[in-house]
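Accompanying notes for the structure given below.
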Protein chains: 2
Amino acid sequence: MSGRIPVELIRAKRDGHALTPDEVRGFIAGVTDGSLPDYQIAAMLMAVFFRGLDDTELSAWADAMVRSGDVLDLSAIPRAKVDKHSTGGVGDKISIPLAPAVAACGVAVPMVSGRGLGHTGGTLDKLESIPGFRVDLPVDRFAAQVAELGTCLIGQTARIAPADKRLYALRDVTGTVESIPLIASSIMSKKLAEGIDGLVLDCKVGRGAFMKDRERARALCAAIRAIGVAAGKRVTCVLTEMDEPIGRTIGNALEIAESIDVLRGGGPTDTRELTVVLGGEMLLLGGVVDTPEDGRARIAQALADGSALEVFRRVVAAQGGDPAVCDRPDEVLPRAAHTVALGVEPGWVVGIDAEALGMAALILGAGRRTTDDVIDPAAGIVLECRYGDHLADRDAAVATVHHNLAPDDPRLDEALRRIRAAIHVADAPPTLRLVTRILEILR
Amino acid sequence: MSGRIPVELIRAKRDGHALTPDEVRGFIAGVTDGSLPDYQIAAMLMAVFFRGLDDTELSAWADAMVRSGDVLDLSAIPRAKVDKHSTGGVGDKISIPLAPAVAACGVAVPMVSGRGLGHTGGTLDKLESIPGFRVDLPVDRFAAQVAELGTCLIGQTARIAPADKRLYALRDVTGTVESIPLIASSIMSKKLAEGIDGLVLDCKVGRGAFMKDRERARALCAAIRAIGVAAGKRVTCVLTEMDEPIGRTIGNALEIAESIDVLRGGGPTDTRELTVVLGGEMLLLGGVVDTPEDGRARIAQALADGSALEVFRRVVAAQGGDPAVCDRPDEVLPRAAHTVALGVEPGWVVGIDAEALGMAALILGAGRRTTDDVIDPAAGIVLECRYGDHLADRDAAVATVHHNLAPDDPRLDEALRRIRAAIHVADAPPTLRLVTRILEILR
């Protein structure tokens, strides 16, 4: 009983002193069991925002959050279990081709995903645009499917990291979302509860990402790695560019269609590249290849030879969806009642603003402003141009807008206005042509 | 309705951006009317702890706190109205001789005081040790007494600065007490509600004070002044030394007796000095003298000629107390059942730890750990030595302890142990002999 009381812990953190692992665990226990009032948690979160957490505090914090709820036990599955987490991007559908491709190469992918909020989409919403697809499977079915098919994609249950739920809700209303240790422990509290052996973090960097600059992205990667290493997990962090949307599509059913293109061996270059590179790192962590180059080759092969698509087909069927989506996506996936081809002045495409397009897609119905919003799975944007393209014709189509809004709905005009403004056209070509979205790999 | 929502205000402050006066007023309005939840206030307080408030924000913050409750209107009183506020010290009874002395010199002193908490005492507790003395007068009687006698000493009503009450309670449990702008706005929200023209701040500096170093004390003075000037008030700040207790006595009735000694023209040198210097500054602010030296001379004269004592006698009678306390304090004031003379080894007194003695007095019953504790008005400590004294005899008495505890009460031993440890004796005299407690005057 000689321990410090909560206000003393807040003051210690405020003044830049480290808390002991026991003190951190006691604090998170108070978050979980409700004995700590919101105002003391809020003050601690703001103190952590300013003072950070050292590696010892950070791993204790994340570990306590993991232990606040259930931890899946997948030890009965003999294969290595590796997951990927993305910090969130516009058009980021990579999990959908990635999980089946990695599973097809012999590494299990127990993937617990989130929903979209704000300008970035969520894997669960995308999957639910496949008619019948269920993401709310019970834990035993999740484990059985990972064992049988190599992967399963579900949503977070109420029993995974409940401390994170309370902290996240408070961070959202107290201006403490943008804290590296709080972001890292939130991510890892959910990932470590999955019973994984390793994790590849896809850390987005750029104007359309949560992390606007590479220095902060590296700091997040360091925090994620510190937590993972302390928990005995292997962690690889990949910094990827997020100034422009990923691939051609933004919107749930549209992104599923693009994902199936990739699973069929096609798809946009950057969507393929991210799938192959992230998948290669997962195979390396899972120990089925010795070099990342071998890993990439194996993923590329699985996309080319149909084995990745075959895993996806079985996953869709096992999770209640219509497997015909793999063969006839245009028929199976919901389609918007209206499409609008958008043109701009002739010239060179010198920028495509991912965040602005994400917001436009949200306005069309593809995303949520608040967690209560209902999504239109068919709504979205298909880009008909890429960075560096030359638009020769006046009013050449640069994007096709898919929507179910009435012609006089003010949201339609607002979305079209934002999309036009998001595609930057100049008289001269951009000096630098992006050839890869991979900025850095931190193994 | 284009205003920023609370979480945006928290984020702006967190990131070091200034809030507009309207935003500050809106935030404090939400504190007052209860529409802001505790957790958002807690997060804002911690952000203010780290980022501070600029002068514009600070004056808007304090002004909004003042306006959250009643502001006394003393404009019908033709005399200048000047108050003194002390940041709190051990043995600090200065208000008691000061208010009547200043009133005797023609400046009105409408004094709303606080209760003691922790190792520092409160003026209200000291006054209440005079049998019958009431500090809970209604506002109209307060104003009438200030008009008639020149001074009245009461406690804060529930209707003065209610926003401060909520903020103070939250600061106490969220580790955000030690913030210069929050301390300054808390003090000034109550003082500006008194309807004063000017304020002298007695800012204690030292081991026994809230402000441990002079730099922080100056920062507090600057914040107090900024708020006062923005409100059209004259403010003088006096930095005074608070390593050792003020005067000879610590404890409520004991301090009243010392105060009456000062009002009779006697008393310890430092208690007198503080009364004369602070009083001189109040007369200067009140415009009845042209120089601080003239002000000091006037106060010294009022103490010497009995006019200050006469005002105090009338104040005691008007507030329900027994005015005979002025003539026979030993008979009228409560006396402890037991006294203990404490001796230490012979040598030179090289330090008297004010904070430790304040805590010892609290343990004897003179103070409160929590606002619910009941005080023993008779309990306390009389110092029989001063800094620099030579104690020639073995076991020469250095302090007399007054208490009503049973001989076997463990609190008694604990208090005696702390008092002995608080009086530092060495083989050689201290090199520096304090001759004044006045460190700096910022007019």
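The values are calculated or read from the model by the stated rules, or taken from the named source; none is laboratory data. All values derive from a computational prediction rather than experimental measurement. Glycine gets a Cβ as well: all are built from the backbone with ideal geometry, and neighbour counts include every protein chain shown. Heads up: the accessible areas ignore ligands, DNA and RNA and are worked out on the full protein's heavy atoms, side chains in. Shrake-Rupley method; radii C 1.70, N 1.55, O 1.52, S 1.80 Å.
Name the residues in region B:70-87 that are open to solvent by 40 Å² or more (accessible area, probe 1.4 Å) and either part of a helix (DSSP H, G or I) or under 17 Å from residue B:229 (Cβ atoms) (or both), would you?
B:85
For region A:164-185, how many residues are aliphatic (A, V, I, L, M) and more than 9 Å from chain B (Cβ to nearest Cβ)?
6
Inside region B:106-131, can you point out the residues that are open to solvent by 10 Å² or more (accessible area, probe 1.4 Å), at pLDDT 95 or above and closer than 20 Å to residue B:264 by Cβ?
B:131
I need the full set of residues from region A:357-385 which are over 19 Å from residue A:337 (Cα atoms), over 18 Å from the mean Cα position of the chain (by Cα) and buried (at least 18 other Cβ atoms within 10 Å of the Cβ), in order please.
Result: A:385, single match.
Which one of these does residue B:46 not meet: (1) at the interface with chain A (Cβ under 10 Å from one of its Cβ atoms); (2) free of Cβ contacts under 8 Å to residues at least 40 places away in the same chain; (3) under 12 Å from residue A:174 (Cβ atoms)?
(2)
Looking at region A:1-33 only, could you name the residues that are open to solvent by 80 Å² or more (accessible area, probe 1.4 Å) and within 13 Å of another protein chain (Cβ to nearest Cβ)?
A:4, A:5, A:17
Return the residues of region A:298-324 that are part of a helix (DSSP H, G or I) and not hydrophobic (A, V, I, L, M, F, W, C); say none if nothing qualifies.
A:298, A:301, A:307, A:310, A:313, A:314, A:323, listed by residue number.
Only one of A:67, A:51 is more than 14 Å from every other protein chain (Cβ to nearest Cβ) and open to solvent by 20 Å² or more (accessible area, probe 1.4 Å); which?
The match here is A:67.
Would a scan of region A:199-214 turn up a residue that is open to solvent by 20 Å² or more (accessible area, probe 1.4 Å) and in a helix (DSSP H, G or I)?
yes
Report the residue count in region A:187-198 for those that are assigned to a helix (DSSP H, G or I) and either among the hydrophobic types (A, V, I, L, M, F, W, C) or at positive phi (or both).
So the count comes out to 4.
List pairs: first residue in region B:407-418 and of a type outside the set (Asp, Glu), second residue exposed (fewer than 12 other Cβ atoms within 10 Å of the Cβ) anywhere in the structure, Cβ distance under 8 angstrom, at least six positions apart or on different chains.
B:412/B:406
Being touching a residue at least 12 places away in the same chain (Cβ under 8 Å) and either at the interface with another protein chain (Cβ under 9 Å from one of its Cβ atoms) or among the basic types (Lys, Arg) (or both) is the filter here; which residues of region B:34-43 pass it?
B:38, B:40, B:41, B:42, B:43 - these are the residues of region B:34-43 that are touching a residue at least 12 places away in the same chain (Cβ under 8 Å) and either at the interface with another protein chain (Cβ under 9 Å from one of its Cβ atoms) or among the basic types (Lys, Arg) (or both).
Picking from B:27, B:49, which residue would you name as being out of contact with any Lys or Arg (no Cβ under 7 Å at 6 or more places or on another chain) and at pLDDT 95 or above?
Exactly one of B:27, B:49 is out of contact with any Lys or Arg (no Cβ under 7 Å at 6 or more places or on another chain) and at pLDDT 95 or above, namely B:27.
Mind counting the residues in region B:132-144 that are touching a residue at least 12 places away in the same chain (Cβ under 8 Å) and open to solvent by less than 60 Å² (accessible area, probe 1.4 Å)?
Qualifying residue count, region B:132-144: 6.
Tell me yes or no: at least one residue of region A:172-181 is within 25 Å of residue A:53 (Cβ to Cβ), in contact (Cβ under 8 Å) with a residue 12 or more places away in the chain, under 15 Å from the mean Cα position of the chain (by Cα) and in a helix (DSSP H, G or I).
no
Looking for something at positive phi and over 13 Å from the mean Cα position of the chain (by Cα) - is there at least one such residue anywhere in region B:64-84?
For region B:64-84, residues at positive phi and over 13 Å from the mean Cα position of the chain (by Cα): absent.
Is there a residue in region A:161-169 that is surrounded by fewer than 20 Cβ atoms within 10 Å (Cβ to Cβ), at pLDDT 90 or above, over 17 Å from the mean Cα position of the chain (by Cα) and assigned to a loop (DSSP other than H, G, I, E, B)?
No, region A:161-169 contains no residue that is surrounded by fewer than 20 Cβ atoms within 10 Å (Cβ to Cβ), at pLDDT 90 or above, over 17 Å from the mean Cα position of the chain (by Cα) and assigned to a loop (DSSP other than H, G, I, E, B).
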